[in-house]
1. With an 8 Å Cα cut-off and a minimum separation of 6 or more residues, compute the relative contact order for segment 20-128 in percent.
2. Just check segment 36-194 against the gyration tensor rule for me: Cα atoms, a ≥ b ≥ c as the square roots of the eigenvalues, rounded for a/c under 1.5, and otherwise prolate or oblate depending on whether a/b exceeds b/c.
3. Neighbour counts of other C-beta atoms within 10 Å: give me 129, 188 arranged from fewest to most.
4. Measuring from a point 7 Å past the Cα of residue 237 along Cα-to-C-beta, which residues in segment 420-434 have an amide N at less than 17 Å?
5. Calculated FRET efficiency, residue 327 and residue 95, Cβ-Cβ r, R0 25 Å, to nearest 0.05?
6. Separation between the residue 465 and residue 297 pseudo-spin-labels, each 7 Å from Cα along Cα→Cβ, expressed in nm?
7. Check the straight Cα-Cα distances from residue 196 and name the aspartates and glutamates below 13 Å, setting aside those fewer than 8 residues away within the same chain.
8. Give the cross-link partners of residue 219 among the lysines, using a straight C-alpha distance below 24 Å as the criterion and excluding same-chain residues fewer than 8 apart.
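Quick note: the coordinates plus some simple rules give every number you see, no bench work behind them. None of the values given here were measured: they were computed from a predicted structure. Ideal geometry is used to build each Cβ from the backbone, glycine not excepted, and the neighbour counts take in all protein chains shown.
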Amino acid sequence: MTQILNQILASLNYNPQNPLLFNSSFFLFFFIVVLLLYPLLANHYRSRTWYLLLVSLYFYFKTSGLFVILLLITAAINFGFGHAIYYSKGRSAKRWWLFCSLIWNLGSLGYFKYTNFIIDTINQISGGSLPAMDIFLPIGISFFTFQTWSYTLDIYFGNLKPIHSFKDFAFFVSFFPQLVAGPIVRASYFIPQINKKLNLDKDTIARALVLIFAGLLKKGIIADYLSVNFVDRVFDNPTLFSGMENLFGVYAYALQIYCDFSGYSDIAIGLAALLGFDLPINFNSPYKAHSITDFWRRWHISLSTWLRDYLYIPLGGNRKGKVRTHLNLMTTMLLGGLWHGASWNFVLWGGLHGVALVLDKAWINTRFARSHIVRFFSTIVTFHFVCFSWIFFRSRDFENSLTIIKRITSSFHGSLFGHWIAEYRVIALLIVIGFLAHWQPDSWEKSYRNFLARLPLPLQSLIMALVIWILFQARSSDIQPFIYFQF
């Protein structure tokens, strides 16, 4: 009895060495418990909201400990700023409160995420030795900061009226499926769903299960296996591998980061659907893109649209001439790169995409861009440009990035291909399967969903159990956190 009580108390505590992750066995237990009690409250709006709010706060506590307090403070401050902006008389007063919201949101994000980056940059420029600060980065701070900030921005721009229930607003901010790695959900999209009657039909359940299956397989089998058994080895020590192996390492990372991040988004959307809530799509086969512009319509859609609506368009968008348009694109992508991490590598990554978007603007308007043959080859070029950019995104520093590029261009050794295949059979197979699955026709996914929808519930549950069993057989010894948790 004492042992059981100790286990229960341990499950209630935060363990920084073992945070709660979607791909952990404890999360499966957690979500099953949530679902078991949920039908009793599903159509009682207030009880349902309180229930999901509390389990969401518990989820974030198990993920980041006492930083759950920061989450609530951020929600409360933006809730107050939203009301202050809406009820203020005069444009100047509204701008003042908007400026206050900017200071709080960028200030809190900047403190946790960029303080040591600024200190390190100052030391490099001045040759000084300012000590780094001991700052723990709360998981998902970039996501919930942008989500809450969009609420005040929408009110300022006249796209939204403030809500009067802080409970509902706190629930919108903390909803656990998408809390720590997106999608970034707008208040205008999510809040109207809070007090609606839930309607879970077989098609919705089937879609949710397909998304969860796909997400678990992407993350638990493809992304984690590629990371532990190949990608990390290449990027940590590129000089130990030939140029060909470095190139395959880049291709493998392109697949890993897609499967890792889109896998999380798929799981989040699927879990939310099982609870009766709709979250926006976050990925749409990005490596099928025929241009960089098209790529950013398909990759991390919730972030790219956030940057478009709250940064690019307010800066002037494409309304003030070509030069200003190009400057706005570069500014947006440089800041988008910095959003991903406190490193000049991320800034360079954003800058590369900014330059590509500028060039893309000129190319899209030509008649050649509309040719089917040209679009085929531009898809290949776009994919390889994105892969080239991933080198800077993944590498620990510029020197590491340049070493990988140098190995690929000067020490390729293609004759080692047969040896590499023999040594990394599973890696090669996963790369082939992963990209073929990514490039499959969209109609195939619909057919999977329709097939699953026709199955009886016990068989659907059996398939879910089978997928979970496969994951536990294939996973590495340590559970790998999602890549975007660090952002």
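1. Details: 33 pairs, mean separation 15.0, N = 109.
Dividing the mean separation by the residue count of segment 20-128 yields 14 percent.
2. Details: a/c = 2.97, a/b = 1.35, b/c = 2.20.
Here segment 36-194 falls in the oblate category.
3. On the way: 129 7, 188 14.
Ordered by Cβ neighbours within 10 Å, fewest first: 129, 188.
4. 424
5. Details: r = 23 Å, r/R0 = 0.92.
So the FRET efficiency works out to roughly 0.60.
6. About 4.5 nm separates the two model spin labels.
7. 168, 278
8. Result set, ordered by chain and number: 62, 288, 446.
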